[in-house]
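Reviewing the structure listed below.
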Amino acid sequence: MNRTDSKSGRADPWSVPVVVEQIPDTGLHREMEAGPAARAAMAEVAGLREILFATASLDVTPKGRGRVHVAGRVQARIGQTCVVSLDPIENDIDETIDLIFAPPEQIPQLADLVDEAVDSDTEIPDPPEPIENGVIDLGRVATDALFLGVDPYPRRPDAIFEPPVVAADPEDHPFAALKALQLDAKATGPKRSPNKPKGG
C-alpha cells in the first residue's frame, strides 16, 4: 500500500508499510534498503543526480493509546553537482530518526501540549505524526529523513569561487569625463562673441 503525495499526485518512491495493529507489544525491528527503481524516483523528486544507495535501520515500538515510537537512522550516498566547479561529487548522508506517531484524533490535543511547552521552560517535544489509515510507512519516514540531510549547495572541499577577472579600462577613472571635456574644448577652440569687433 503506497501513500500518494497529494501535491505531486504520485505514490511514494520508497514504501515499506507497517500495519499498526500488527505491531507486537515488544515492538519490531526493520532493516530496509531501497532498490534501484526507488532510488531513481527519490533522486528525481529531490533533484539529485543519483542515489547510489539508501538504507534504514528502524525500531518500531508501541507506546500505548495507539501511539507508536519510530527510532533509528537512514544512511545514503548521493550524487550531486558542485555549485562552484560544476563537477560531479558524492556526499554521504547519516540522519537520525526519532518520531512519535499517533491516531489522527489525538493530533490536536498533542499539538496543544506542544504549544504549552513553547510557553514554558520545559523542553519542547516534536509534534506527533498522524497514523494514516492504520498504517505507518517506514519507507516514507526514511525518505523524508534522507531529504532533510541533502545539502542544497554542495561543493567540493577544495573548490574555490573565483570571480571573473575584468580588464581595467584606462578610460574608466574619476577624471575620464573631465579629460573628455578638455579634449572637446581644444578641438572646437575658444568661442568669440559675435558682437565684438575684430579690430581695436
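The values are calculated or read from the model by the stated rules, or taken from the named source; none is laboratory data. All of these numbers come straight from a predicted model, not from anything done at the bench. All Cβ positions, even for glycine, are placed from backbone atoms using ideal geometry, and neighbour counts span all protein chains on display.
Return the total of residues in segment 85-103 being out of contact with any Gly (no Cβ under 7 Å at 6 or more places or on another chain), closer than 30 Å to residue 61 by Cβ and of a type in the set (Asp, Glu).
Total satisfying the criteria: 3.
For segment 12-23, name all the residues that are of a type in the set (A, V, I, L, M, F, W, C) and part of a strand (DSSP E or B). Give the steps one after another, and end with the answer.
At the first step, the residues of segment 12-23 found to be of a type in the set (A, V, I, L, M, F, W, C) are 14, 16, 18-20, 23.
Matches in segment 12-23: 18, 19.
Residue 94 - would you say it is over 15 Å from residue 151 (Cα atoms) and among the acidic types (Asp, Glu)?
Details: over 15 Å from residue 151 (Cα atoms): no; among the acidic types (Asp, Glu): yes.
In short, no.
I'm checking my understanding of the structure. Among residues of segment 24-46 that are assigned to a helix (DSSP H, G or I) and of a type in the set (A, V, I, L, M, F, W, C), which one is surrounded by the fewest Cβ atoms within 10 Å (Cβ to Cβ)? Don't jump to the end; show me each part of the working.
Here is the first cut: in segment 24-46, the residues assigned to a helix (DSSP H, G or I) are 36-46.
So of that shortlist, the ones also of a type in the set (A, V, I, L, M, F, W, C) come out as 37-38, 40-43, 45-46.
On the way: 37: 10, 38: 20, 40: 15, 41: 19, 42: 24, 43: 19, 45: 15, 46: 16.
The residue in question is 37.
Only residues that are of a type in the set (A, V, I, L, M, F, W, C), within 21 Å of the chain's Cα centre (by Cα) and modelled with pLDDT under 95: list them for segment 1-43, please.
Our first condition is that a residue be of a type in the set (A, V, I, L, M, F, W, C); within segment 1-43, this holds for 1, 11, 14, 16, 18-20, 23, 28, 32, 34, 37-38, 40-43.
Retained after the next criterion (residues that are within 21 Å of the chain's Cα centre (by Cα)): 11, 14, 34, 38, 40-43.
Selection gives 11 alone.
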